[in-house]
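Below is one structure, written out as structure tokens, with a few remarks after it.
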Amino acid sequence: MVEMTVMFADLSSFTELTQDLGPEKTHEVVDAFLRMATDVLVGQGAVIDKYVGDAVMALFNVPIRYDDHRRRAIVAATELAANLEGLGRRFSLPLNASIGIATGWARVGRLGSDDSKDYTAIGDVVNLAARLQGKAGAGEILVSEESYTDLSAELPQTTPEIITVKGFRDPVKAYRLHGEAKAHLIHEPPETIVKERISLGAVIFGILGAPCAVATLIGPLAVAVGAGSLFGLTAMLVFLDQSAIRIPILTLVVLAALANFYTVLHAQKLRREENIADHLKAPTALEKRRTFLVLGASVLTLGIVVFEVIAHIMLH
């Protein structure tokens, strides 16, 4: 169970667009919209959950945690809305999007069959974000009270609305952003916030391509490929008597092996800290084998390096 902010962004008047432009031109417009939206969302630290027609669903605060995930979502929404103006000029069309944002707790994990699985979120917060998007007009951003709380000081002119939402027993309080409210936020660059959140763990995970190791430990499979190649490269070095080449490469091999250890151990630490292990099913036998493969390859790699160093000392 993870606290997150969920966004749904939908290109307005999609049906009319298809009828007026035809499937080929509509495909071009929607593709350009989704590409632009993805760049904006990922730039604010979101994960794209899925595309549905001309709509995109994004998750903030998973799998990498951000204390300011609410703000990131709303800033991303304002940037997306602003960029649509330029996209509209490109196609000579009045393009707008309706956007819904909600914050709350949801269950994240993998859903689907053995043939195809999808990493997604399930919970009231997802449903609320989708319903708010449906209530938002063209060019509007409708934000739940939980998402708006942290930004109330920045948007003092925004007034709450009580909205009846399908599927929810009680009316919900939401805030509708448009016009000056959106322009105010978009001129607040989040670069300083992003810099504060950069850590060694994020760098290691980014380099090794294993961000989801925090929750599932699938990531080490990608690490294992690198460890295996380094293992083979190290073995070759035993037969090469060129110390000028061996020393820097062996140093890199050691660092890569240590990075493998860090990735697995840090993932398990984060799992315990977030109590994910209590809510997600235990790692499968296949995932455990992959983890052991990473650790085993790293141990063997370090062993070969030690052997190479000892051999070098004895020969000289």
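Values in this text are rule-based calculations from the coordinates and carry no lab data. The structure presented is a predicted model; accordingly, all values stated were derived computationally and were not measured. FYI the Cβ positions are ideal-geometry reconstructions off the backbone, even for glycines, and counts take in every protein chain you see.
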Farthest towards the positive end of the dipole of the range 2-196, among 14, 105, 37 and with Cβ unit charges of +1 on Lys and Arg and -1 on Asp and Glu, lies the Cα of 105
Going by a ≥ b ≥ c, the root eigenvalues of the Cα gyration tensor, does the range 1-105 fall in the rounded group (a/c under 1.5), the prolate group (a/b larger than b/c) or the oblate group? prolate
Along Cα→Cβ, 7 Å out, is where each label goes; now give me the distance between the ones at residue 111 and residue 251 in nm to one decimal. 5.0
P(r) over all Cα-Cα pairs of the range 2-196, 10 Å bins from 0 to the longest distance, whole percent per bin, short to long, reads 9, 37, 36, 16, 2, 0
Once phi is turned into θ = phi - 60°, what whole-Hz ³J(HN,Hα) does the Karplus curve with 6.51, -1.76 and 1.60 give for every residue of the range 42-59, x standing for Gly and Pro? 5, x, 9, x, 7, 10, 6, 6, 6, 10, 10, x, 9, 10, 10, 10, 10, 10
Quote to one decimal, in nm, the extra length available between residue 118 and residue 31 on full extension: 0.36 nm per residue of separation minus the C-alpha distance between them. 29.2 nm
